[in-house]
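This report refers to the structure that appears directly beneath it.
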């Protein structure tokens, strides 16, 4: 029984309050990105981004703990912390690939997939205690996802209200162009 108590009372290299703070920060940053995706009704929203970010943070924390674990202190064990980053990247890429859809010649979900990928990187940053990288990455992501949408190329075909009321119907648009019949959209 004592061995069982010892095993669960195993001290960590990083103190538990710091571990909790890192995981909570990952939750907050993942929620910030996920909220924006949820607000826009995208396939991967709040919960997905939080879980990706927290999981990546947990892997980052585990990396620190494994490096400092006494069982891996021998010379016969070679540790490469970059492998955790590679594993998280591969796992998130697998999830992100599930939200990317190709239909009718158009690709949908790339921004959400990229957001999930970034949430993984932010999570690893939180897990490794790199707060500044995590915070600045989150701020940049919110700027890109929120305010830069205004600058994306939105053509007439995508937004029928762009030209005004008399150019939105086919008769007004053809009369303005001096044509007899409306132009058809090219097939993708």
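The values are calculated or read from the model by the stated rules, or taken from the named source; none is laboratory data. All values derive from a computational prediction rather than experimental measurement. Here the Cβ is made from the backbone with ideal geometry for all residues, glycine too, and neighbour counts use every protein chain on show.
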Evaluation of residue 47 against (1) closer than 20 Å to residue 142 by Cα; (2) surrounded by 15 or more Cβ atoms within 10 Å (Cβ to Cβ); (3) at pLDDT 80 or above (one fails), failing number: (2)
Within the range 1-38, tally of residues that are over 16 Å from residue 125 (Cβ atoms) and in contact with a helix residue (DSSP H, G or I) (Cβ under 9 Å, 6 or more places away or on another chain): 7
Filter result for residue 95 (at pLDDT 80 or above, within 26 Å of residue 146 (Cβ to Cβ) and out of contact with any helix residue (DSSP H, G or I) (no Cβ under 7 Å at 6 or more places or on another chain)): no
Scope the range 39-49; condition touching a helix residue (DSSP H, G or I) at 6+ places or on another chain (Cβ under 6 Å) and touching a residue at least 24 places away in the same chain (Cβ under 8 Å); matching residues: 42, 43, 44, 49
Cβ-Cβ under 6 Å pairs, at least 6 apart or on other chains, the range 1-30 side modelled with pLDDT of 80 or more, far side in a loop (DSSP other than H, G, I, E, B): 13/68
